[in-house]
Amino acid sequence: MSIEVRELTKSYNQQKALDAISFTTGSNHIIGFLGPNGAGKSTTMKILTGIIPIEQGSCSINGLDIQENPLSTKRSIGYLPESNPLYSDMYVQEILHFEARLHNLPNSTQRVQEVIAMTGLQAEQHKRIAQLSKGFKQRVGLALAIIHDPEVLILDEPTTGLDPNQIIEIRTLIQQLSTNKTVFLSTHIMQEVEVLCQEIIIIHKGQIKDHFLSVDREDKY
Ligand code: ADP
Ligand code: ADP
């Protein structure tokens with residue numbers, strides 16, 4: 001599924017955070033959304049997920065306009081926010097069951113066990129969020145994002161704040177989870193797009209500066 005953004009503009013207090021940005025991504029690979037802090041990455045992602053309403057312009061997921069089709073486009077998206085507000089007193093398994101119920105998933109017990117296995121949380125599932133390292137908290141965030149098996153994953157700075165080992169583990173996990181999905185991943189780190197992404201969109205001060213396909217590389221680490 002592709003992500004299409006057309007002439008998207010967003011201002012905060014008369015200041016343009018996004019200045020009529022347009023792009024159309026490819027499908028079923030990892031797209032890096034690269035730019036410094038304040039470039040407009042989170043704002044774009046929050047508009048795509050419906051958290052921030054559209055002021056001007058439009059966005060579509062695989063040709064479906066998100067304003068005209070809010071329910072079906074939301075169902076096709078999984079989102080990892082930049083600062084993940086996980087309830088620290090909840091148990092890993094409990095928070096995943098809660099999310100599965102929010103999505104009205106059939107066989108939610110089975111699906112929770114599947115995502116726990118997919119994200120390597122077996123040994124942590126009976127721990128409270130507060131007991132987890134940052135890397136494992138990020139795994140919980142990814143498990144929450146994929147629980148309804150969305151075709152599009154929107155990951156806002158998924159490795160920011162992690163230590164070097166956790167960064168490698170989370171990048172590897174993102175690669176594993178990206179099979180048959182369009183992953184739109186923001187970062188301010190050039191090396192991250194080099195190792196992870198097949199397509200790169202560069203944003204700076206609310207404007208798209210470049211958009212290109214990367215040379216396909218194996219053995220990225
Ligand atoms: P990025 O994710 O690339 O760091 P953001 O989308 O968070 O960029 O921010 C883009 C610009 O919009 C920045 O100048 C930021 O300070 C501003 N901004 C973001 N959110 C808000 C907000 N809620 N209120 C006011 N300004 C905001
Ligand atoms: P990022 O740049 O990656 O989005 P920030 O630290 O800028 O992260 O933003 C954290 C939160 O604060 C976001 O919810 C964002 O919308 C909000 N925010 C960012 N800049 C401003 C601002 N200038 N005024 C008010 N809220 C802001």
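Students often get this wrong, so check it: of Lys10/Lys41; Lys46/Lys137; Lys10/Lys181; Lys181/Lys205; Lys16/Lys41, which have C-alpha atoms separated by over 19 Å?
With Cα atoms farther than 19 Å apart: Lys46/Lys137; Lys10/Lys181; Lys181/Lys205.
Considering Cα pairs under 8 angstrom that are at least six residues apart, work out the relative contact order of the stretch 44-98 and quote it in whole percent.
Dividing the mean separation by the residue count of the stretch 44-98 yields 22 percent.
Return one quarter of the surface area of the convex hull spanned by the alpha-carbon atoms of the chain, equal to its mean projected area, in nm².
11.9
If you find the alpha carbon centre of the stretch 145-221 and of the stretch 37-55, how far apart are they in angstrom?
Distance between centres, Cα-based: 17 Å.
Give a residue-ordered list of calculated ³J(HN,Hα) values for the stretch 11-25 (Karplus: 6.51 cos²θ - 1.76 cosθ + 1.60, θ = phi - 60°; whole Hz; x for Gly, Pro).
Ordered by residue, 3J(HN,Hα) equals 10, 10, 6, 6, 9, 6, 8, 10, 10, 6, 7, 9, 6, 10, 8 Hz.
In square angstrom, what is the accessible area per residue of the stretch 7-86 with a 1.4 angstrom probe? Provide the component values of the computation, followed by the final result.
On the way: 3860 Å² over 80 residues.
Using a 1.4 Å probe on heavy atoms only, each residue of the stretch 7-86 averages 48 Å².
Helix 134-146 versus the longest principal axis of the chain: what angle, 0 to 90°, nearest 10, using Cα atoms?
With rounding to tens, the tilt is 70 degrees.
In percent, how large is the relative contact order of the stretch 76-221, given Cα pairs closer than 8 Å and 6 or more residues apart?
25
Where Lys and Arg each count +1 and Asp and Glu each count -1, what net charge lies around Gln166 among other residues with Cβ under 11 Å from its Cβ?
+2
So what's Rg/Rh here for the stretch 136-221, counting alpha carbon atoms and using the Kirkwood radius for Rh?
Over the Cα atoms of the stretch 136-221, Rg/Rh equals 0.95.
Quick one: helix 92-102 against the long Cα principal axis of the chain, what's the angle to the nearest 10°, folded into 0 to 90?
So the helix axis and the longest Cα principal axis differ by about 60 degrees.
Could you compute the net charge surrounding His204? Neighbours are other residues with a C-beta less than 13 Å from the C-beta of His204; K and R count +1, D and E count -1.
+2
Using a 10 angstrom cutoff on alpha carbons, build the Gaussian network for the chain and name the most mobile of Asn62, Asn104, Asn13.
Most flexible of the set in this elastic network: Asn13.
If you restrict to DSSP beta bridges whose two residues both lie in the chain, what percentage is antiparallel, to the nearest 5?
Bridges in the chain are about 55 percent antiparallel.
The values are calculated or read from the model by the stated rules, or taken from the named source; none is laboratory data. Nothing here was measured: the structure is a model prediction, and the numbers come from that model. For neighbour counting, all protein chains shown are included, and Cβ atoms are generated from backbone atoms with ideal geometry for every residue, glycine included. To get the accessible areas, we keep the full protein, side chains included, count just its heavy atoms, and leave off ligands, DNA and RNA. Shrake-Rupley method; radii C 1.70, N 1.55, O 1.52, S 1.80 Å.
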